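Student: Below is the structure I would like to discuss, written out as structure tokens.
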Amino acid sequence: MERLDEFMARANALYYASHDPFADFTTAPEISQAFGEVLGAWAAITWEALGRPDKVILAEAGPGRGTLMADAIRTIARVAPAFHAALRLHLVETSPRLRAIQAAKLPGATWHDRIEDLPPGPIILLANEFLDALPIRQFVLNDGQWTERHVAGGAWVEQSCPPPANLTATAPGLYETLDPALAQHIGDRLRAAPGVALFMDYGPYASGPGDSLQALRDGKFCDPLAEPGSADLTAHVDFAAFARASALPAHGPLAQGKFLTRLGLFARINRLAQTVPPRAALRLTEAGRRLAEPDRMGALFKALALTSPGLPTPAGFEA
């Protein structure tokens with residue numbers, strides 16, 4: 001019998017070691033190059049807000065195929081050469097197979113297994129669809145009594161437990177929690193040196209009950225407890241809880257569509273569309289709509305920025 005977070009960590013480690021995750025799902029950077037390009041421009045603006053440090057870490061957690069960062073770096077080199085000269089590229093990735101793919105696109109990068117392993121100093125951290133794959137725990141409150149969900153033989157087993165320390169719920173229901181250690185580390189880091197961490201993922205605006213654990217196998221939803229290691233396990237991100245755990249100034253969560261539009265997503269797509277044949281231009285426009293429209297990815301996905309105390313509101317999050 002395993003606690004859910006232990007089961008999820010083991011299953012995802014097996015999955016990413018043996019599967020191409022992009023056969024099961026498509027992330028925003030793979031949908032449109034404009035996604036990484038506007039985030040590159042955002043990082044350049046953020047570097048200015050940090051005081052233009054002559055050495056700054058530009059890091060990405062969960063960089064996938066390296067597409068987002070390659071698009072971002074290309075934009076930075078074009079629009080902010082001083083930032084391009086100052087940045088030191090670091091990637092947080094555990095998969096040797098994905099590291100090899102990233103290295104082909106991002107020569108000169110330095111790799112780490114964990115965000116906690118990144119070197120000290122000023123930092124701009126990007127993390128797209130990273131938090132959703134981190135292991136969660138699930139607790140059930142019923143008739144004033146708490147139980148925790150475990151996994152045994154492909155089925156749920158609930159065991160009595162004391163009230164979870166990071167939950168203050170009083171209404172019956174199922175509650176999910178993410179280990180606060182990562183958020184706390186980011187909080188400590190951004191209080192020690194100037195920086196901004198941007199997280200883009202799917203989840204609700206506010207904390208609340210509900211079972212969001214899901215699994216994708218061959219592009220289809222499946223039983224998350226069946227055949228561990230054969231499917232990608234994720235859960236909706238509790239942005240509010242993550243921000244609270246960091247004890248940092250938090251901006252958002254803001255709908256991804258609104259955030260990207262404020263950063264000039266469609267202006268960039270329109271410029272790209274003018275350089276290609278009509279059918280390719282239509283594909284570019286459709287990709288932008290997929291990223292930003294509320295009934296597609298634009299509302300379910302959110303952006304959350306955590307900043308060092310005293311920094312201005314990051315670009316895109318202004319009221």
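Student: Counting only residues that are surrounded by fewer than 21 Cβ atoms within 10 Å (Cβ to Cβ) and closer than 16 Å to I124 by Cα, how many does region 58-76 have? Steps first, please.
Tutor: At the first step, the residues of region 58-76 found to be surrounded by fewer than 21 Cβ atoms within 10 Å (Cβ to Cβ) are 65, 70, 74.
Of the ones still in play, those that are also closer than 16 Å to I124 by Cα are 70.
Total satisfying the criteria: 1.
Student: Any idea which of (1) assigned to a helix (DSSP H, G or I); (2) more than 21 Å from T75 (Cβ to Cβ); (3) in contact with a helix residue (DSSP H, G or I) (Cβ under 9 Å, 6 or more places away or on another chain); (4) at pLDDT below 95 is the one R279 doesn't satisfy?
Tutor: If we test R279 against (1) assigned to a helix (DSSP H, G or I); (2) more than 21 Å from T75 (Cβ to Cβ); (3) in contact with a helix residue (DSSP H, G or I) (Cβ under 9 Å, 6 or more places away or on another chain); (4) at pLDDT below 95, just (3) comes out false.
Student: Considering each of P277, P209, P204 in turn, give the residue that is in contact with a strand residue (DSSP E or B) (Cβ under 7 Å, 6 or more places away or on another chain) and either farther than 16 Å from G36 by Cα or surrounded by fewer than 18 Cβ atoms within 10 Å (Cβ to Cβ) (or both).
Tutor: The unique qualifying residue is P209.
Student: Of all the residues that make up region 282-319, how many are outside any helix (DSSP H, G or I) and modelled with pLDDT of 90 or more?
Tutor: 19
Student: What are the residues in region 83-123 that are surrounded by fewer than 16 Cβ atoms within 10 Å (Cβ to Cβ) and assigned to a loop (DSSP other than H, G, I, E, B), if any?
Tutor: Within region 83-123, T94, P107, G108, D113, R114, P119, P120, G121 meet the criteria.
Student: Of the numbered conditions (1) touching a strand residue (DSSP E or B) at 6+ places or on another chain (Cβ under 8 Å); (2) small (G, A, S); (3) in a loop (DSSP other than H, G, I, E, B), A240 fails exactly one; give the number of that condition.
Tutor: (3)
Student: Kindly provide the set of residues from region 142-161 that are without any contact (Cβ under 8 Å) to a residue 40 or more places away in the chain and in contact with a strand residue (DSSP E or B) (Cβ under 8 Å, 6 or more places away or on another chain), ordered by number. So that I can check it myself, show each step before the final result.
Tutor: Restricting attention to region 142-161, the residues satisfying the condition of being without any contact (Cβ under 8 Å) to a residue 40 or more places away in the chain are 142-147, 153, 158-161.
Hits for region 142-161 are Q145, W146, T147, E158, Q159, S160, C161.
Student: While we're on this one: Condition first: among the aliphatic types (A, V, I, L, M) and within 17 Å of the chain's Cα centre (by Cα). Now tell me which residues in region 71-94 satisfy that.
Tutor: Within region 71-94, A72, L91, V92 qualify.
Student: Of the conditions (1) surrounded by fewer than 20 Cβ atoms within 10 Å (Cβ to Cβ); (2) of a type in the set (S, T, Y); (3) in a helix (DSSP H, G or I), Y15 clears all except one; give me its number.
Tutor: With (1) surrounded by fewer than 20 Cβ atoms within 10 Å (Cβ to Cβ); (2) of a type in the set (S, T, Y); (3) in a helix (DSSP H, G or I) applied to Y15, the lone miss is (1).
Student: Could you go through region 246-257 and let me know if any residue there is closer than 29 Å to L216 by Cα and outside any strand (DSSP E or B).
Tutor: yes
Student: Which condition does L216 not pass, out of (1) more than 30 Å from P172 (Cβ to Cβ); (2) part of a strand (DSSP E or B), if it passes all the others?
Tutor: Of the numbered conditions (1) more than 30 Å from P172 (Cβ to Cβ); (2) part of a strand (DSSP E or B), the odd one out for L216 is (1).
Student: Would you pick out the residues in region 287-311 that are surrounded by 13 or more Cβ atoms within 10 Å (Cβ to Cβ) and over 17 Å from the mean Cα position of the chain (by Cα)?
Tutor: A287, G288, R289, R290, R296, S308, L311
Student: Still on this structure, please answer the following. Looking at this structure, is A44 under 27 Å from G298 (Cβ atoms), within 17 Å of the chain's Cα centre (by Cα) and hydrophobic (A, V, I, L, M, F, W, C)?
Tutor: No; evaluated as a whole, the condition is false for this residue.
Student: Follow-up. Report every pair of residues separated by at least 6 positions or lying on different chains whose Cβ atoms are under 6 Å apart, first residue within region 210-222 and of a type in the set (A, V, I, L, M, F, W, C), second surrounded by 12 or more Cβ atoms within 10 Å (Cβ to Cβ) and at pLDDT below 90.
Tutor: The qualifying pairs are L216/D24; L216/F25.
Student: Something else now. With a cut-off of at least 2 residues that are surrounded by fewer than 18 Cβ atoms within 10 Å (Cβ to Cβ), name the strands (runs of 3 or more DSSP E) lying wholly within region 124-197. If you could, list the steps in order and put the result at the bottom.
Tutor: Details: elements: 136-142, 145-152, 155-160, 173-178.
Where strands (runs of 3 or more DSSP E) fall fully within region 124-197 and carry at least 2 residues being surrounded by fewer than 18 Cβ atoms within 10 Å (Cβ to Cβ), they are 145-152, 155-160, 173-178.
The values are calculated or read from the model by the stated rules, or taken from the named source; none is laboratory data. Treat the numbers as computed from the prediction; the structure is a model and nothing was measured. Cβ sites come from the backbone with ideal geometry, for glycine too, and all protein chains shown count toward neighbours.
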